[in-house]
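Engineer: Structure incoming, see below.
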Amino acid sequence: MSDDLLVLDHVEKRFGGLKAVSDVGFRVPRGSIFGLIGPNGAGKTTVFNLITGVYRADVGTIRLRSAAEGGREQELVGKAPSAIAAAGVARTFQNIRLFASMTVIENVLVAGELHRRAGLIGEVWRTKHAREDEHAVRARARKLLASMGLADVEEAPATSLPYGSQRRLEIARALMLEPKLLLLDEPAAGLNYGEAESLKAQIRALRDEYALTVVLVEHNMQVVMGVCERIHVLDHGITIAEGTPSEVRANPKVIAAYLGEEPTSEGEGEAGGESETAARPEAKAP
Amino acid sequence: MRRVPAVVLFAIGALTCVGLDLAYDGLVSWDRGSKFWLHILVVCAINVLGATSLNVVNGMAGQFSIGHAGFVGIGAYLGGAIVSNLALALKIPVAALKDNLSLGQSFLLLPVALVVVGLVCAAIGFVVGLPSLRLRGDYLAIVTLGFSEIVRLTVLGISADSATNPLTRAIASLGGSLGYRGPKVGEDYLGVPSVAGPFWTVGIAALAVFLALRLKRSGFGRALRAVREDEIAAAAVGVDPAKYKVTAFVLAAAGAGVAGALLAVQRDGPGIVGPANMKFDKSFEVITMVILGGSGSVSGAAIGAVLYTVIFYASEEALHQLAQAVPAFGSVDAAALRMTLFATALIVVMLVRTQGLFGERELFEKKADDGTPKPPSPSSDDATGTAKEALAS
Ligand SMILES: Nc1ncnc2c1ncn2[C@@H]1O[C@H](COP(=O)(O)OP(=O)(O)OP(=O)(O)O)[C@@H](O)[C@H]1O
Ligand SMILES: [Mg+2]
């Protein structure tokens, strides 16, 4: 039996008449970088929202396993989002959600709340614990910002940053939680070729440095194929394939989904609005 | 700039408050003179406390409550009842209770009353805060308004004849539309004693501002603002929005209750607590103070409260003077004039400076968004170091 950190089983989510996710299951090996792809509306973000408790799965189980072999399993379905975050699941958002009126460093500091010992009274009283914790949390936030290349904008309002920096700030904020599992929702959106290349290196470096397991939702195939060890493919809420990047790339069902039922690997792939380099699984991967 | 130790600050503050209190005692006659202004100081302080507490829930937590007067009212009735009954129980002579009590006597009555009022209102704030977990914006506002109206109408609606059980009898003893005038002593009502002078009012208001500033700058305050900005993102980083929102309601309610109690038992006070304390326009007054000063700014809300109070009395005084010079002004309704003034002020603020005088910033705090880094806080000396290292590497 492999050592999986996250296990989804028969997960289903309906929005009114629409089955956004139906009977989806996958296992994310501990320490891996796992891709979750599919055309627009496939249900990828919904899966993230189910894992993080923003929505509650109608059917199925989502379990987080502790490191020890045969160790404790936590059922995430039914838990509050904040409790799931506390259990070690951090995420970024497809449509960036920063705390708008707050500075860059404050955005990261918020995610340090969990690691404080002092309660409300202790913090207002500024007890020794509270001061030590604030100091430690700040130091860690600075380190994360520096590693994301945001050291010189710490005190700027978060929303004044350019788009790419806002995405990196979201990653820094997520890492502040000291998560076991990091869910990235389209981190490469809007990046050019060079930026996407460095994002790939960055994701690997983060995984290694912070001992993370990463689930990556991404349309940019250059990134997905280059960095993921396994890839799970959804279409219309249904699993259509899973495997290594080369297996997935060769899978006719995947090609059909991306090219709109056309089983050729050439031609104009009408895959979905947002990104063009994005939508083609056969697009050049290094 | 050297930092003054907190103990020294507290000592100076306490001495100032005692000094003000004694000065108040020394000014004997009520003649629209100096004592008038010292009395305004007392009212200012109570309003600062009201605005500071409302700012925690409306400004910092971003939950729009328009029922603040409900908590103020409960605090006023409860505080008035505790103080007057306690005074009788402690055998303070009735004759003395008709006059302003001394600072020494106030120490017998107020600590107990304020702690009880704070705790009771905190508990009620918890209950009223619960809907904030499911409702937002206008819907939540309506619930808070409903709360304050329920409290007011309950006091108004239960009369001595309709009271059948201990609970309704207790409510009926609050006097309904006539207001609460303390327990009966012989034929007459005692009246709510005048206990809280500048020492208590200014002291507690200053303490509240201090605590609110610390709250805002703590990790807790940061999380509260994060919840206000984006609940989903806050929850995603482990901040439980429910806990923070309800805590904000609890803190605001406790502060409002204490403000109400002080209002009821202030020096040269009305001696009576009326249901009008809980009317919507009282909530609206406090909201005006917060919005004028800058929602989310502790010093802003406090300054808003002071401005409001000073304009309130100054316009009255100006009208009074004017009416003596020009008799025709005698027929101008001071309350209507005031409403017009504040409505105009609010409209101007909304047009010119939506965020209020201070926005979310504090007095003496630099703007963050002009590109220049904020002055380093005491604990952030290593900040620039790390940043430089990062740039150098
Ligand atoms: N809150 C919601 N209410 C109703 N329908 C929803 C909701 N969230 C998602 N959906 C629907 O569920 C389906 C899956 O959406 P989802 O956002 O998960 O897709 P996605 O794979 O992330 O797509 P994209 O690549 O465009 O981000 C879509 O049809 C979407 O319209
Ligand atoms: Mg999506």
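The values are calculated or read from the model by the stated rules, or taken from the named source; none is laboratory data. Quick caveat, the model's predicted, so the values are computed rather than measured. Here the Cβ positions follow ideal geometry from the backbone for every residue, glycine too, while neighbour counts run over all protein chains shown.
Engineer: Can you tell me which residues in the range A:188-217 are within 14 Å of ligand 2 (Cβ to nearest atom) and modelled with pLDDT of 95 or more?
Structural biologist: Residues satisfying the conditions are A:Val215, A:Leu216, A:Val217.
Engineer: Follow-up. Just one of (1) hydrophobic (A, V, I, L, M, F, W, C); (2) under 20 Å from the mean Cα position of the chain (by Cα); (3) not in a helix (DSSP H, G or I) trips up B:Leu135, so point out which.
Structural biologist: (2)
Engineer: Moving on to the next point. What number of residues within the range A:166-190 are within 16 Å of ligand 1 (Cβ to nearest atom), out of contact with any Phe, Trp or Tyr (no Cβ under 6 Å at 6 or more places or on another chain) and not in a helix (DSSP H, G or I)?
Structural biologist: Adding up the residues that qualify gives 5.
Engineer: A further question follows. Can you tell me which residue is nearest to A:Thr213 (Cα to Cα) among those in the range A:1-18 that are of a type outside the set (A, V, I, L, M) and within 16 Å of ligand 2 (Cβ to nearest atom)?
Structural biologist: Selected residue: A:Lys13.
Engineer: Additional query: Just the residues that are among the hydroxyl-bearing types (Ser, Thr, Tyr) and either within 14 Å of another protein chain (Cβ to nearest Cβ) or within 12 Å of A:Asn107 (Cβ to Cβ) (or both), please, taken from the range A:151-207.
Structural biologist: Narrowing the range A:151-207 to residues among the hydroxyl-bearing types (Ser, Thr, Tyr): A:159-160, A:163, A:165, A:193, A:198.
Across the range A:151-207, the qualifying residues are A:Thr159, A:Ser160, A:Ser165.
Engineer: Ok, one more. Could you please find all residues in the range A:85-128 being more than 7 Å from every other protein chain (Cβ to nearest Cβ) and in a helix (DSSP H, G or I)?
Structural biologist: Passing the criteria: A:Val104, A:Ile105, A:Asn107, A:Val108, A:His115, A:Ile121, A:Gly122, A:Trp125, A:Lys128.
Engineer: So is B:Phe312 part of a helix (DSSP H, G or I), within 14 Å of chain A (Cβ to nearest Cβ) and either more than 30 Å from A:Leu169 (Cβ to Cβ) or touching a Leu at 6+ places or on another chain (Cβ under 6 Å) (or both) or not? Spell out the reasoning first.
Structural biologist: Numbers: part of a helix (DSSP H, G or I): yes; within 14 Å of chain A (Cβ to nearest Cβ): no; either more than 30 Å from A:Leu169 (Cβ to Cβ) or touching a Leu at 6+ places or on another chain (Cβ under 6 Å) (or both): yes.
No, not satisfied.
Engineer: If B:Val209 passes every condition in (1) within 14 Å of chain A (Cβ to nearest Cβ); (2) over 30 Å from B:Leu22 (Cα atoms); (3) surrounded by fewer than 24 Cβ atoms within 10 Å (Cβ to Cβ) but one, which one does it miss?
Structural biologist: Answer for B:Val209: the failing condition is (2).
Engineer: I would also like to ask the following. Identify, from the list A:Ser82, A:Ser22, the residue that is part of a helix (DSSP H, G or I), more than 16 Å from ligand 2 (Cβ to nearest atom) and assigned by TED's automatic domain parsing to the domain that holds A:His236.
Structural biologist: Working: A:Ser22 fails: part of a helix (DSSP H, G or I).
One residue alone meets the criteria, A:Ser82.
Engineer: Given (1) under 18 Å from the mean Cα position of the chain (by Cα); (2) away from ligand 2 (no atom under 16 Å from the Cβ); (3) not in a strand (DSSP E or B), identify the lone condition not met by A:Val28.
Structural biologist: Failed condition: (3).
Engineer: Can I ask one more? Anything in the range A:41-68 that is more than 9 Å from ligand 2 (Cβ to nearest atom), crowded, with 22+ Cβ neighbours inside 10 Å, within 13 Å of another protein chain (Cβ to nearest Cβ) and not polar (S, T, N, Q)? List them, or say none.
Structural biologist: Once the filter is applied, which keeps residues that are more than 9 Å from ligand 2 (Cβ to nearest atom), crowded, with 22+ Cβ neighbours inside 10 Å, within 13 Å of another protein chain (Cβ to nearest Cβ) and not polar (S, T, N, Q), the range A:41-68 yields A:Ile51, A:Gly53.
Engineer: Still on this structure: Which members of the range A:174-200 meet the condition of being touching a Ser or Thr at 6+ places or on another chain (Cβ under 8 Å) and under 23 Å from B:Gly238 (Cβ atoms)?
Structural biologist: A:Ala174, A:Lys180, A:Leu181, A:Leu182, A:Leu183, A:Leu184, A:Asp185, A:Pro187
Engineer: Can you name the residue in the range A:111-137 that is of a type in the set (A, V, I, L, M) and either within 18 Å of A:Tyr210 (Cα to Cα) or under 23 Å from the mean Cα position of the chain (by Cα) (or both) and is also surrounded by the most Cβ atoms within 10 Å (Cβ to Cβ) among such residues? Outline the logic, then answer.
Structural biologist: Kept after step one, since they are of a type in the set (A, V, I, L, M), are these residues of the range A:111-137: A:111, A:114, A:118, A:120-121, A:124, A:130, A:136-137.
Narrowing further to those that are either within 18 Å of A:Tyr210 (Cα to Cα) or under 23 Å from the mean Cα position of the chain (by Cα) (or both): A:111, A:114, A:136-137.
Values: A:Ala111: 30, A:Leu114: 18, A:Ala136: 13, A:Val137: 21.
Only one residue tops the list, namely A:Ala111.
Engineer: Would you confirm, using the coordinates I've provided, whether A:Leu199 is assigned to a helix (DSSP H, G or I), in the same structural domain as A:Arg30 (by TED's automatic domain parsing), among the hydrophobic types (A, V, I, L, M, F, W, C) and out of contact with any strand residue (DSSP E or B) (no Cβ under 9 Å at 6 or more places or on another chain)?
Structural biologist: Considered against the rule, which asks whether it is assigned to a helix (DSSP H, G or I), in the same structural domain as A:Arg30 (by TED's automatic domain parsing), among the hydrophobic types (A, V, I, L, M, F, W, C) and out of contact with any strand residue (DSSP E or B) (no Cβ under 9 Å at 6 or more places or on another chain), A:Leu199 comes out as yes.
Engineer: Right, something else. Return the pair list, or none, for Cβ contacts closer than 7 Å from residues in the range B:215-233 that are at the interface with another protein chain (Cβ under 7 Å from one of its Cβ atoms) to residues that are of a type in the set (Lys, Arg), at least 6 apart or on different chains.
Structural biologist: From residues that are at the interface with another protein chain (Cβ under 7 Å from one of its Cβ atoms), the pairs are B:Gly219/A:Arg116; B:Asp230/A:Arg97; B:Ile232/A:Arg97; B:Ala233/A:Arg97.
Engineer: Okay, moving on. Among (1) under 24 Å from A:Val223 (Cβ atoms); (2) away from ligand 1 (no atom under 15 Å from the Cβ), there is one condition A:Gly38 misses while meeting the rest; what is its number?
Structural biologist: (2)
Engineer: Quick one: count up the residues across the range A:46-77 that are at positive phi and free of Cβ contacts under 8 Å to residues at least 24 places away in the same chain.
Structural biologist: 1
Engineer: Checking the condition of a type in the set (S, T, N, Q), within 29 Å of A:Ala257 (Cβ to Cβ) and in contact (Cβ under 8 Å) with a residue 40 or more places away in the chain, which residue from A:Asn192, A:Asn220 passes? I'd like the intermediate steps shown before the answer.
Structural biologist: Values: A:Asn192 fails: in contact (Cβ under 8 Å) with a residue 40 or more places away in the chain.
It is A:Asn220.
Engineer: Something else about it: When the range B:252-269 is examined, which residues are found to be in a helix (DSSP H, G or I) and either over 11 Å from B:Cys121 (Cα atoms) or of a type in the set (A, V, I, L, M) (or both)? Outline the logic, then answer.
Structural biologist: Of all residues in the range B:252-269, those in a helix (DSSP H, G or I) come to B:252-265.
B:Ala252, B:Ala253, B:Ala254, B:Ala256, B:Val258, B:Ala259, B:Ala261, B:Leu262, B:Leu263, B:Ala264, B:Val265 - these are the residues of the range B:252-269 that are in a helix (DSSP H, G or I) and either over 11 Å from B:Cys121 (Cα atoms) or of a type in the set (A, V, I, L, M) (or both).
Engineer: Within the range A:14-35, take every residue that is away from ligand 1 (no atom under 12 Å from the Cβ) and crowded, with 19+ Cβ neighbours inside 10 Å and give me the one that is farthest from A:Asp235 (Cα to Cα).
Structural biologist: The selected residue is A:Ser32.
Engineer: Answer with yes or no whether A:Val77 is farther than 25 Å from A:Glu209 by Cβ, within 16 Å of ligand 2 (Cβ to nearest atom) and among the β-branched types (Val, Ile, Thr).
Structural biologist: When the stated conditions are applied, A:Val77 does not pass them.
Engineer: Right, another one. So, in the range A:139-149, how many residues would count as being facing chain B (nearest Cβ under 9 Å) and under 24 Å from the mean Cα position of the chain (by Cα)?
Structural biologist: Result for the range A:139-149: 6.
Engineer: Just to be sure before I move on: is A:Arg140 assigned to a helix (DSSP H, G or I), surrounded by 21 or more Cβ atoms within 10 Å (Cβ to Cβ), of a type in the set (Lys, Arg) and out of contact with any helix residue (DSSP H, G or I) (no Cβ under 6 Å at 6 or more places or on another chain) in the structure I sent?
Structural biologist: Spelling it out, it is not the case that A:Arg140 is assigned to a helix (DSSP H, G or I), surrounded by 21 or more Cβ atoms within 10 Å (Cβ to Cβ), of a type in the set (Lys, Arg) and out of contact with any helix residue (DSSP H, G or I) (no Cβ under 6 Å at 6 or more places or on another chain).
Engineer: Related question: Within the range B:283-330, can you find the residues that are over 30 Å from B:Phe364 (Cα atoms) and surrounded by 20 or more Cβ atoms within 10 Å (Cβ to Cβ)?
Structural biologist: The answer is none; no residue qualifies.
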